[in-house]
Amino acid sequence: MKYWMDKLLNCGLDPETTDPFELLRYRHLVSLSLVLVFIGTAFWIRAVQWEIMSRVVVVGLVILISLVTIVALRFYRHLDFFCQIITLVIFAGCVNAVITNGGMSLFTGAWLILPPIFAQVLLGRKPARYWFLACLMVMVLLYWMEHQQGVVFENQTPLAHRKPQLLLQIVGFSYGIYLLSSTFLAQLDLAKSKILEQLEASQKEVMQRRLAEERALQASQAKSQFLANMSHELRTPLNAIIGFSKRVQSKASARLNEREKDAIGGVTRNGEHLLALINELLDLAKIESGKFELSLDWVSLTQVVSDAQTSLTAIAERESIDVVVDVPDNIKLYADPLRLKQIVINFLSNGLKYTEQGQVLIKARCIEQQVQIEVIDTGVGIAENDLSRIFDEYNHVHSTVQKQVESTGLGLPLSANLIRMHGGDVHVESELGEGSRFVILLPIEPPNKVAKPSAVED
């Protein structure tokens with residue numbers, strides 16, 4: 001019996017594939033239509049016996065439309081349309097009940113509460129408001145007709161049968177309240193089950209992300225360890241090659257012709273370039289693995305910039321580019337001297353690499369508790385859509401440079417990481433053909449620093 005009842009209420013829909021809220025509305029519509037058929041049949045039989053023709057017609061239409069709805073729902077899935085039709089026939093039946101039972105009173109007026117209740121069940125909150133307004137307007141109209149126009153609505157139900165009819169009215173109200181409460185509880189259960197499903201899915205997603213993060217961390221650590229091992233294995237023979245080539249250059253230069261000197265010089269330059277690449281890879285690997293440590297101390301920015309300028313003198317002269325320094329003598333900050341010099345060299349050498357003519361300017365000033373370092377060049381500039389990638393590893397965004405540039409794509413990303421490890425930040429402003437301006441901000445006194453020595457000037 002339960003199987004066939006479920007088949008009838010589900011209108012042939014598959015509960016496994018149908019949205020549960022939609023299926024609930026189908027079940028409520030069919031069950032309400034069945035109740036209208038059963039209760040309406042009792043009312044209709046009584047109306048025929050008492051010869052109340054308006055009630056015979058209206059209740060007969062309610063029964064007929066309810067039966068058509070039950071059958072039609074199996075073939076036509078116009079749920080909202082049928083819900084509106086059933087609510088409309090309930091409304092018509094309730095208005096007829098009020099008129100044929102003596103007009104507006106406390107008991108008869110209660111019939112007009114049923115349409116908004118069933119509209120709430122079948123259609124939702126917003127349509128239920130409209131049906132409530134419609135019922136309220138009918139109440140006001142009937143009251144006005146009775147008390148202002150003198151219209152008399154006779155109670156056509158025989159006196160002996162008014163109490164049984166009141167019982168049927170109570171049954172209708174009870175079913176409406178039951179259907180409303182069951183709808184609310186069913187929707188609450190469905191919402192709870194959906195929340196639990198979403199929570200379970202979220203937990204699975206969190207677990208998957210955690211596993212992915214752990215695997216990524218393990219891969220990163222393995223990569224860092226591999227780079228560290230390989231860097232050590234490569235640096236030892238490279239240092240030997242560089243040292244040997246320099247020794248040949250210094251000791252045997254008199255016995256070498258120009259072609260041989262150029263070849264030995266190329267070996268030295270390429271070896272130093274490869275060694276710099278390995279060192280940068282190793283530094284990045286240490287930063288990613290969290291094993292990189294800064295040796296902080298009070299340092300003179302003027303001295304750091306001067307040392308960096310000296311290191312790049314040969315490159316600047318070869319490229320015929322001026323390196324202009326505008327750094328006050330009294331700027332001192334708490335930083336890693338070696339890494340600060342590395343940062344300055346990377347930004348200056350970047351300017352020299354991508355400037356074909358003109359100059360590279362480095363200047364600095366104190367702004368509140370920070371040192372602002374600017375490196376400005378007159379080079380080829382950077383396209384606007386490339387600015388967001390300028391500090392990405394292994395990126396070469398200067399695609400318009402005509403001269404050959406030896407670059408690993410690691411200098412600026414490494415420098416940006418080192419700046420952030422100092423508690424600072426860096427950004428770039430550039431236009432194609434107009435040069436670039438890199439702005440570095442470093443704190444003068446980072447948190448948890450050691451005491452400032454008395455020799456440091458303010």
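The values are calculated or read from the model by the stated rules, or taken from the named source; none is laboratory data. Remember, predicted model here, so these are calculated numbers, not experimental data. Positions of Cβ are generated from backbone atoms using ideal geometry, with glycine treated the same way; all protein chains shown enter the neighbour counts.
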The residue from Val267, Val305 that alone is surrounded by 15 or more Cβ atoms within 10 Å (Cβ to Cβ) and either among the acidic types (Asp, Glu) or outside the structural domain of Gly351 (by TED's automatic domain parsing) (or both) is Val267
Checked pairs for region 128-142, first in contact (Cβ under 8 Å) with a residue 40 or more places away in the chain and closer than 12 Å to Ile117 by Cα, second of a type in the set (A, V, I, L, M) and assigned to a helix (DSSP H, G or I), C-beta under 8 Å and 6 or more apart or across chains, list as Trp131/Ala119; Cys135/Leu112; Cys135/Ile113
Next on the checklist: It is to be established whether one or more residues within region 339-359 are in contact (Cβ under 8 Å) with a residue 24 or more places away in the chain, among the acidic types (Asp, Glu), part of a helix (DSSP H, G or I) and in the same structural domain as Asn417 (by TED's automatic domain parsing).
Outcome noted: no
Out of (1) at pLDDT 80 or above; (2) under 18 Å from Phe347 (Cβ atoms); (3) not hydroxyl-bearing (Ser, Thr, Tyr), the one Glu384 does not meet is (2)
Counting only residues that are among the hydroxyl-bearing types (Ser, Thr, Tyr) and part of a helix (DSSP H, G or I), region 70-103 contains a total of 2
Flagged in region 102-151 as within 48 Å of the chain's Cα centre (by Cα) and of a type in the set (S, T, N, Q), in numbering order, are Gln120
Here the residues within region 334-372 that are buried (at least 16 other Cβ atoms within 10 Å of the Cβ), among the aliphatic types (A, V, I, L, M) and more than 40 Å from the chain's Cα centre (by Cα) are Leu352, Val360, Leu361, Ile362
Those residues of region 409-449 which are buried (at least 16 other Cβ atoms within 10 Å of the Cβ), in contact with a His (Cβ under 8 Å, 6 or more places away or on another chain) and at pLDDT below 80 amount to Pro446
Per the filter on region 171-192, residues surrounded by 12 or more Cβ atoms within 10 Å (Cβ to Cβ) and either at pLDDT 75 or above or within 26 Å of Val48 (Cβ to Cβ) (or both) are Val171, Gly172, Phe173, Tyr175, Gly176
Going through region 93-115 in order, the residues found to be more than 22 Å from Gly60 (Cα to Cα) and either among the aliphatic types (A, V, I, L, M) or free of Cβ contacts under 8 Å to residues at least 24 places away in the same chain (or both) are Met104, Ser105, Leu106
Requested in this report: Check whether at least one residue in region 147-158 is modelled with pLDDT of 70 or more, β-branched (Val, Ile, Thr), touching a helix residue (DSSP H, G or I) at 6+ places or on another chain (Cβ under 9 Å) and loosely packed, with under 15 Cβ neighbours inside 10 Å, and report yes or no.
Outcome: yes
